[in-house]
Amino acid sequence: MSDVHDRIRQDIQDNPVVLYMKGTPVFPQCGFSATVVQILTHVGVKFRGVDVLQDPGLRQGIKEFSDWPTIPQLYVKGEFVGGCDIIREMFETGELEQLLTEKGVLQPAG
């Protein structure tokens, strides 16, 4: 499992915003993944989508890596932010855009 964890570490180190999801950003394979893709697209942040359905080891490995039982999982600047419910809540309160701006991955509107 350490190979998978190394791959995850590398992914979240090399990409400012990474979404581990079921399916791809263009074709999400579950409603929760689709919701997070819609939110990220709406706020205008570029992100890398990683399809866990293509690799059962990665699907299990990401849950162990984050100690979070569900997918999708969002990472910003190497830090685990949360799953669908947390991202939705942060989006609704404005916290998500604030976090993305603070981390330097989203330009402030205006």
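Hey, could you get me the Stokes-Einstein D for the stretch 2-102, Kirkwood radius over alpha-carbon pairs, 25 °C and 0.890 mPa s, rounded to whole µm² s⁻¹? All intermediate terms of the calculation are to be shown ahead of the outcome.
On the way: Rh = 13.3 Å.
Value of D from the Cα-based Kirkwood radius: 184 µm²/s.
Compute the length gained on full extension between GLN60 and ASP14: take 0.36 nm times their separation in residues and subtract their Cα-Cα distance, giving the result in nm to one decimal. Walk me through the numbers on the way to the answer.
Working: separation 46, 0.36 × 46 = 16.56 nm, distance 2.11 nm.
Result: 14.4 nm gained on full extension.
When each pair of different Cα atoms in the stretch 1-57 is counted once in the 1/r mean, what is the Kirkwood radius in angstroms, to one decimal?
Taking every pair of different Cα atoms in the stretch 1-57, averaging 1/r and inverting gives 11.9 Å.
What is the stretch 70-110 by shape, rounded, prolate or oblate, if you read a ≥ b ≥ c off the alpha carbon gyration tensor as root eigenvalues and call it rounded for a/c under 1.5, prolate for a/b larger than b/c, and oblate otherwise? Show your work: numbers first, answer last.
Numbers: a/c = 3.00, a/b = 1.41, b/c = 2.12.
Oblate, since a/c reaches 1.5 and b/c is not below a/b.
Taking a cut-off of 24 Å between Cα atoms, list the lysines near LYS103, but don't count ones fewer than 8 places away on the same chain.
Here the lysines satisfying the reach criterion relative to LYS103 are LYS46, LYS63, LYS77.
Report the antiparallel proportion of the DSSP beta bridges in the chain as a percent, rounded to a multiple of 5.
Values: 8 of 12 bridges.
Of the beta bridges lying entirely in the chain, close to 65 percent run antiparallel.
How far apart, in nm, are two points set 7 Å out from the Cα along the Cα-to-Cβ line at THR101 and at GLN29?
The modelled label-to-label distance comes out at 3.7 nm.
Computed from the coordinates by the stated procedures, all read-outs in this text should not be read as laboratory data. All of these numbers come straight from a predicted model, not from anything done at the bench. Note: ideal-geometry Cβ built from the backbone for every residue, glycine included; neighbour counts use all protein chains shown.
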